Amino acid sequence: MYRTSQGKPNKLGVTFTQEGANFCVYARLAETVELLFFDDKDAKQASEIFKLSDINNRTAYYWHIFIKGVKAGQLYAFRVNGPYRPHDGLSFQPEKILLDPYGLLVERGDNFSREATRNKGSNIDTCLKSVVVDIDDYDWQDDQHPRHPFATSVIYEMHVGGFTRHESSGVSENKRGTYAGLIEKIPYLKKLGITAVELMPVHQFDPSEHHAGLVNYWGYSPLSLFSAHREYSSDQSVLGPINEFRDMVKALHAPNIEVILDVVYNHTAEGDENGPTFSFRGLDNDAYYILSADKKHYMNFSGCGNTLNGTHSVVRRMIIDSLHFWVEKMHVDGFRFDLASILSRDEVGMPMLSPPTLWSIDTDPTLAPVKLIAEAWDAGGLYQVGSLAGQRWREWNGHFRDDVRRFVRGDPGLVSRFVSRIIGSPDIYGEHNLEPEKSVNFITCHDGFTLNDLVSYNHKHNLANGEGNRDGCSENFSWNHGVEGETDDPVIKKLRLQQIKNLLAINLISLGTPMILMGDELAHTQQGNNNGYCQNNADFWFDWDRLDSNKELFRFTKALIEQRTRLEAVHLSDARRDSLHDIIAQSGIRWHGVKLNQPDWSENSHAIAMESKKLTSDQVSYVVFNAYWKDLNFELPKSPTGKWQRIVDTSLEGGHDIHVAGDKKHFVNKEYLVSARSIVILIG
């Protein structure tokens, strides 16, 4: 028998001590609250039920109880009763078993039923359970945050499961697709040269969620904002996932690789009014979600059925507490906020000029050292690239992605926009006194074509997703170069590889912080599917066999990353933190066409050359971007040393396309014949 006492409301979730545990949950309008203990993940009934008194175990909006003798690993959940008035936004369902919103782990039994959470009646025999965790029972040893500045960062967006799940990974079967599996592949990441991994969602989600009978592969529907995803752990003991995740973070930190989490604070796994009840809906539906005016429906600015009410004080506190947890207890180094613009909406969904949640995150002292990256738009039409509230936020630059794709494809009238993108997008960020790395530059990400598919397909091919090819973006600014999909034509294959190199080079030398997608360095393909959210299979996993067949591309990518500081289009000084406007002004940029000082800005122009100087030395670079379908002979300005060294020419075969240490140096003087659809980088 357990001994209980009142408990305290001073901290939500479970506060574990040697004597026992304090449980506290927010349930403002609840009439009764029960805390249930379970013996194991498949238990069909509670082993203990603690009925909380609204006199002794309630303080204002919070229900709490202290239970002596509780051990780490104890499974628990809540059952809450209150008014059921959908017309007022109240959806208490006293028969449903609810996860703790602050639970640090979730157990999903073999008998779990998603349908039971949607249907009427009790789901106690098939429910999810939260886990009591002694969060301080872990030896971090001498773990240190790498703290790379944005100016020297190269971000690698990756899927924890997909990175090592393929049998070609060489990882033992029980570790494939896990945090432990990722640890084994850290030498590859270090060899590639990236400085940070950006992990697609690792908050616990329901893999069985998908309307077409497939799976939730990406994980953008969290069940809990504090729990590491259990299915990514090779250690399936009750407490295994939280420690294996921390082992991964510690192992990545050892070679100075940062860990950035892709976090979803804009919606949950509970879907719309017909969705399952896992937690939030059954505790305070009207507080956690933005509801329609009639309170019967959920506003869907996320495109996933519901929208978290991030402006509400309770939800805002939960988001901040979640961020603090992942920084302080899990040692992560930054966050990428999925659909961050949702956090700028008020409690009825209207955009605010000064949204408190975004500013609270921006100014939070605990978060001051960590990277904050925003996807500054939402599915409701709000697009805030360049205008998101807060000074510290970096932003995924969707304009960079689209304009670079279109320029490289050969679209007319793109030279001016392209030029703006490679020098930090001053048309977007130049009006503010902002650092030059405000823009996170990317060509591809998880959402859309891979780099290989971008140059291999004109159209998306998403029939396998079960939505009649209606899902996924239809306009990708892609080009198949003559054949849709794979081909044996050597001319097309050579041009596609050259275009991939062009896109990688532009991304990695442009002013801003570059992000590359997992597998792009090996020409990974998803067979033209640009929305693999439900595809947990070998076509979407990292295929390690491609390392042998794409050695040239891997070498090129690795060398670009190594020389990024040297090759950067607008050279930066690590010691200075000038604004984007000042950096551009001090770089002495001069624009050229095929003739010196005669850039062609016309609608029909497809080429531009840029000359700039390094702020801390006499080094000068000359970069030619030729997206035209013919070779062009460019005059060269006088080099400070009297000659130019060729560093990159994407038209050349592997081994000559980029200079690496030990290679024979190639020098040019007065002119250079730049091949069609290629990039040349010279340094003087």
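The values are calculated or read from the model by the stated rules, or taken from the named source; none is laboratory data. Owing to the predicted nature of the structure, the values given are computational and were not obtained by experimental measurement. With ideal geometry, Cβ positions are generated from the backbone for all residues, glycine too; neighbour counts draw on all protein chains shown. Heads up: the accessible areas ignore ligands, DNA and RNA and are worked out on the full protein's heavy atoms, side chains in. Shrake-Rupley method; radii C 1.70, N 1.55, O 1.52, S 1.80 Å.
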Stokes-Einstein D (µm²/s) once Rh is taken as the Kirkwood radius of the stretch 316-458 over alpha-carbon pairs, at 37 °C in 0.692 mPa s: 198 µm²/s
Provide the packing ranking of 103-111, 408-416, 633-641, 220-228, i.e. peptides ordered by the mean count of other C-beta atoms within 10 Å per residue, highest first. 220-228, 103-111, 408-416, 633-641
Per residue solvent-accessible surface (Å²) - the stretch 442-485, probe of 1.4 Å: 39 Å²
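For 479, 396, give me the order by solvent-accessible area with a 1.4 Å probe, most accessible first, ignoring ligands, DNA and RNA.
The ranking, largest first, comes out as 479, 396.
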Sequence of 218, 359 from largest to smallest accessible area, 1.4 Å probe: 359, 218
Karplus couplings for the stretch 84-92 from phi (6.51 cos²θ - 1.76 cosθ + 1.60, θ = phi - 60°), rounded to Hz, Gly and Pro as x? 10, 9, x, 5, 10, x, 9, 10, 5
Quick one: the Cα spread of the stretch 140-188 along its three principal axes, in angstroms, biggest first? 36, 26, 15
For the chain, the longest principal axis of the Cα atoms and the Cα long axis of helix 240-253 enclose an angle in degrees, to the nearest 10, of 30 degrees
If you average 1/r over every pair of different alpha-carbon atoms in the stretch 380-428 and take one over that average, what Kirkwood value in Å do you get? 11.9 Å
Rg/Rh of the stretch 406-561 (Cα atoms, Kirkwood Rh), to two decimals, equals 0.98
When the convex hull of the C-alpha atoms of the stretch 466-508 is computed, what volume per residue in Å³ does it have? 108 Å³
Given the C-alpha centroids of the stretch 295-330 and the stretch 441-467, what is the distance between them in whole angstrom? 29 Å
Along the positive direction of the dipole of the chain (beta-carbon charges: Lys, Arg +1; Asp, Glu -1; about the Cα centre), which of 622, 22, 279 reaches farthest? 622
So what is log10(I(q)/I(0)) for the stretch 107-238 at q = 0.11, 0.12, 0.18 1/Å, when the Debye sum runs over its Cα atoms only? -0.52, -0.62, -1.21
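Given the rule -39500 (n - 2.57) for each run of at least 4 DSSP H residues, summed and divided by the residues of the chain, what is its mean residue ellipticity at 222 nm, to the nearest 500 deg cm²/dmol?
-6000 deg cm²/dmol
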If you take the alpha carbon radius of gyration of the stretch 349-433 and divide it by 2.2 N^0.38 Å, what ratio comes out, to two decimals? 1.27
What is the packing order of peptides 263-274, 7-18, taking the mean over residues of other C-beta atoms within 10 Å and listing the highest first? 263-274, 7-18
Crossing angle, helix 551-562 versus the chain [Cα axis fit, 0-90 degrees, rounded to tens]: 90 degrees
I'd like the orientation of helix 398-409 relative to the chain: the angle between its Cα long axis and the longest Cα principal axis, in ° from 0 to 90, rounded to 10. 40 degrees
Principal axis dimensions, the stretch 484-548 - Cα atoms, whole angstrom, descending: 36, 31, 24
Normalised by the number of residues in the stretch 579-684, what is the relative contact order in percent for Cα pairs under 8 Å and 6+ residues apart? 28 percent
With a 10 Å radius around each residue's Cβ, average the other Cβ atoms per peptide and rank 438-447, 664-673, highest first. 438-447, 664-673
Answer in debye to the nearest 20: the dipole magnitude of the stretch 100-172 about its Cα centre, from +1 Lys/Arg and -1 Asp/Glu charges placed on Cβ, is 560 debye
Any chance you could tell me what percent of the C-alpha pair distances in the stretch 181-252 go past 13 Å? 70 percent
Treating each Cα of the stretch 21-150 as an identical point scatterer and ignoring solvent, apply the Debye formula and state log10 I(q)/I(0) at q = 0.15 Å⁻¹. -0.76
Could you tell me the center-to-center distance, by alpha carbons, between the stretch 575-643 and the stretch 212-271 in angstrom? 44 Å
Given Cβ point charges of +1 (Lys, Arg) and -1 (Asp, Glu) and nothing else, what value in debye, to the nearest 20, does the dipole of the stretch 476-633 about its Cα centre take? 580 debye
Would you please state the base-10 log of I(q)/I(0) at q = 0.16, 0.20, 0.23 1/Å for the stretch 419-481, with intensities from the Debye formula using one equal scatterer on every alpha carbon? -0.68, -0.83, -0.93
Averaged over every viewing direction, what's the projected area of the C-alpha convex hull for the stretch 192-232? Give it in nm², one decimal, please. 3.9 nm²
Roughly how many Å² is the accessible area per residue of the stretch 236-317, as a whole number, for a 1.4 Å probe? 26 Å²
Can you pull the percent of the chain's accessible area that's carbon plus sulfur, 1.4 Å probe, other chains left in place? 48 percent
Would you mind listing how long the stretch 104-172 runs along its three principal axes, going by Cα atoms, in whole Å with the largest first? 55, 36, 29
Which value, in nm² and rounded to one decimal, describes the direction-averaged projected area of the C-alpha convex hull of the stretch 329-377? 3.9 nm²
27 Å tail of the calculated P(r), the stretch 207-336, as % of Cα pairs: 27 percent
Which semi-axes, in whole Å and largest first, does the equivalent ellipsoid of the stretch 259-347 have when worked out from the alpha carbon gyration tensor as the square roots of 5 times its eigenvalues? 24, 13, 12
How many lysine pairs does the stretch 70-202 hold where the Cα atoms are under 24 Å apart and the two sit 8 or more places apart or on different chains? 7
Using the Kirkwood radius built from alpha carbon pairs, what does the Stokes-Einstein equation give as D for the chain at 25 °C and 0.890 mPa s, in µm² per second? 92 µm²/s
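So for the stretch 595-654, considering every pair of alpha-carbon atoms, how many percent are separated by more than 17 Å?
When every Cα pair of the stretch 595-654 is considered, 47 percent fall beyond 17 Å.
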If every Lys and Arg gets +1 and every Asp and Glu gets -1 at its Cβ, then about the Cα centre the chain yields a dipole, in debye to the nearest 20, of 1160 debye
Expressed to one decimal in nm², the mean projection of the alpha carbon convex hull of the stretch 298-383 is 5.5 nm²
